[in-house]
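Novice: Could you have a look at this structure, given as structure tokens, before my questions?
What follows is calculated from the coordinates using simple rules that are stated; it is not laboratory data. This is a predicted model, so every value here is computed, not measured. All Cβ positions, even for glycine, are placed from backbone atoms using ideal geometry, and neighbour counts span all protein chains on display.
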């Protein structure tokens, strides 16, 4: 699903390169279809900061954190085709 990937890529990037092992899980997805997609649709997400903040807080506080992100699908004319809201969970894993 392109909409999930547009925000999920940020979630994966947010945990890369950390000294801690952090689990990232999609815990909620909600979508609204506004218009029929008849051609190329591009999904974008601009909520990088919220996702990065949640991932950092999970490692700093040892408490699970969540971040909501919005992904919008636009057609080639710039019209909104669909809007999705995803909630990502970040949790520091125990070292074993």
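Novice: Per-residue counts of other Cβ atoms within 10 Å, averaged by peptide: what ranking do you get for 71-79, 23-31, highest first?
Specialist: Final packing ranking: 71-79, 23-31.
Novice: Under 18 Å from a point placed 7 Å out from the Cα of residue 46 along the Cα-to-Cβ direction: which residues of the stretch 53-96 have their backbone N that close?
Specialist: Only 53, 68-86 fall inside the zone, counting backbone N under 18 Å.
Novice: Ok, one more. Where does helix 2-15 land angle-wise versus the long Cα axis of the chain, in degrees 0 to 90, nearest 10?
Specialist: Once rounded, the angle reads 20 degrees.
Novice: Quick one: pull the percentage of alpha-carbon pairs in the chain with a separation above 20 Å.
Specialist: 39
Novice: How high is the FRET efficiency from residue 61 to residue 83, r the C-beta distance, R0 25 Å, rounded to 0.05?
Specialist: With R0 = 25 Å, the Cβ-Cβ based efficiency is 0.20.
Novice: Moving to a separate point now. Please determine, in degrees from 0 to 90 and to the nearest 10, the orientation of helix 48-61 with respect to the longest principal axis defined by the Cα atoms of the chain, where the helix direction is its Cα long axis.
Specialist: For helix 48-61, the angle is close to 20 degrees.
Novice: Taking neighbour Cβ counts within 10 Å as the exposure measure, how do 48, 88 sort from fewest upward?
Specialist: 48, 88
Novice: Fewest Cβ neighbours within 10 Å first, please rank 83, 38 accordingly.
Specialist: 38, 83
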